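> First, the structure itself, so that you have it in front of you.
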Amino acid sequence: MNNANLPLHYIGQIQQYLESNEIDTKSWLKQVNLSAEDVIQDQKLLTYEQYEKLILSAIALSGQPHMGLMLGKRLSINTHGALGLALLSCQNIRQVLSVFERFVTTRTPLVAIELDDQMEHLRIIMHERVDLSHIRACFFEVMAVTIDNILNTVLPEKSVLLRIEFPFERPEYAAQYTQTFCCQTEFDAPQAILVLDKNSLDAPLIHADEHAFYQAKKMCEAELQRVINSGSLAWKIKSLLMNSREHFLSLEQVSSALNLTPRTLHRRLIAEGTSFKQILEEVRAVLAKQYIISHRQSTKQVAYNLGYSDVANFRRAFKRWYGISPSELRNQ
């Protein structure tokens, strides 16, 4: 996702975290051509590569591999802008989660939230919109602590979080998890998932305010439109394809959704240095890895879901993307 436009939200919290550890942040920001003033104004955008560079260098500078957990603790509900205001004034936890699912893109476009309502539990599934690779652990640690903070803020008298599943190996600093979360944590999961007890999801919340919620939600809707409109065309197409993962949209369908002719879309993508075929390939690569790691589908099923009529072609594509076959990845 080279052309992703990522906002500077939470870069200020990382900056403060580093400064609290007596680390010079001027040079840290300068490596991606940012200044302290840029962070305060929160108007500039980063590419994914710049964002990843900031995160990895922050972890290295701090000497704390568990930085994601520490950073998450700094993100109170008030740090989430209009989204935080909307969450704080919701009627119940179910509404909190629904609002978070819809507007999380206004805070970070790197993840999509899916609510899976089961018989006894509700699962919050976090789908990567890009292969987070080197920053996966840090990113999902921040996300998990953030959601836990939100739940504890709106419903302080009772914890509804039962279990958190992380899509990476158990880290050496796993003891930090028991100090951070009051629930079971699991590792090597196919996806990042938070499992909630359904019994308290509809209980009224003490901060519920219908008028405040209406105003905050309007702000969130406006912000969401700004995010959608400000992104590159490639980013918009990638988002559409990720959201239609069950049945990929064709070039014609994507063009129609964006109110463009296929020829205009093709021309504008060339100007951005990419093509519809290349974007589709990138999305397939991300989803293929997620599907294979989950062990829930056969290689044939994954190939079919990604639009391949020939499994052999899918296997060749997978090896081109990751250097190993789907079966080798399953067995890792």
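Laboratory data are not the source of any read-out in this text; all were calculated from the coordinates shown. Please read all numbers here as calculations on a predicted model, not as lab measurements. Using ideal geometry, Cβ is built from the backbone for each residue, glycine included, and neighbour counts are taken over all protein chains shown.
> If you work out P(r) over Cα pairs in 20 Å bins from 0, in percent from the coordinates, which of [x] 28, 60, 12; [y] 25, 33, 23, 15, 4, 0, 0; [z] 21, 24, 19, 15, 11, 7, 3, 0 do you get?
Only one option fits the structure, namely [x].
> Full-extension gain between R330 and E272, please, as 0.36 nm times their residue separation minus the C-alpha to C-alpha distance.
Values: separation 58, 0.36 × 58 = 20.88 nm, distance 3.51 nm.
Gain in length upon complete extension: 17.4 nm.
> Treating only the Cβ of Lys, Arg, Asp and Glu as charged (+1, +1, -1, -1), what charge dipole size does the range 1-119 show about its Cα centre? Round to the nearest 20 debye. Could you put the intermediate results ahead of the total?
Values: 9 positive and 12 negative charges, 27 e Å.
My answer is approximately 120 debye.
> Same structure again: Below 18 Å, Cα to Cα, which aspartates and glutamates can K26 reach? Residues fewer than 8 away in the same chain don't count.
Leaving aside aspartates and glutamates fewer than 8 places away in the same chain, those within reach of K26 are E37, D38, D42, E52.
> Okay, moving on. Classify the range 148-239: rounded, prolate or oblate, from the alpha-carbon gyration tensor (a ≥ b ≥ c, eigenvalue square roots; a/c under 1.5 rounded; otherwise prolate if a/b is larger than b/c)? Don't skip to the end; give the middle numbers.
On the way: a/c = 2.74, a/b = 1.20, b/c = 2.28.
Oblate, since a/c reaches 1.5 and b/c is not below a/b.
> Here is a follow-up. Using a cut-off of 27 Å between alpha-carbon atoms, which lysines can reach K198, once sequence neighbours fewer than 8 places away in the same chain are excluded?
K73, K158, K217
> Sticking with this one: Please state the charge dipole magnitude for the range 120-209, taken about the Cα centre, from unit charges on C-beta atoms (+1 on K and R, -1 on D and E), reported in debye and rounded to the nearest 20. Let's see the in-between values first.
On the way: 7 positive and 14 negative charges, 11 e Å.
Computed about the Cα centre, the dipole is about 60 debye.
> I want to check the label-to-label distance for N229 and E120. Put each point 7 Å from Cα in the C-beta direction and report it in nm to one decimal.
Here the answer is 4.8 nm between the modelled labels.
> Another one. How about K277: which lysines have a C-alpha closer than 28 Å to its C-alpha, ignoring those fewer than 8 places off in the same chain?
Within the straight-line cut-off, K277 pairs with K53, K236, K238, K289, K300, K319.
> Efficiency by 1/(1 + (r/R0)^6): what FRET value for K218 and Q31, r their Cβ-Cβ distance, R0 = 45 Å, to the nearest 0.05? Walk me through the numbers before you get to the answer.
Values: r = 38 Å, r/R0 = 0.84.
E(calc), rounded to 0.05, equals 0.75.
> Could you work out how much longer the chain between Q301 and Q253 gets when fully extended? Use 0.36 nm per residue separation minus the Cα distance between them, nm to one decimal.
Numbers: separation 48, 0.36 × 48 = 17.28 nm, distance 2.37 nm.
Separation in residues times 0.36 nm, less the Cα-Cα distance, equals 14.9 nm.
> Just to verify a number: FRET efficiency for Q16 and Q43, C-beta to C-beta distance, R0 = 25 Å, to 0.05?
Given R0 = 25 Å and the Cβ-Cβ separation, E is 0.85.
> 7 Å from Cα along Cα→Cβ at both C182 and D24: what's the point-to-point distance in nm?
Roughly 4.3 nm, to one decimal.
> Subtracting the Cα-Cα distance from 0.36 nm times the residue separation, let me have the gained length for R170 to L56 in nm, one decimal. Display every interim value, and only then the final one.
On the way: separation 114, 0.36 × 114 = 41.04 nm, distance 1.88 nm.
Taking R170 through L56 to full extension adds about 39.2 nm, to one decimal.
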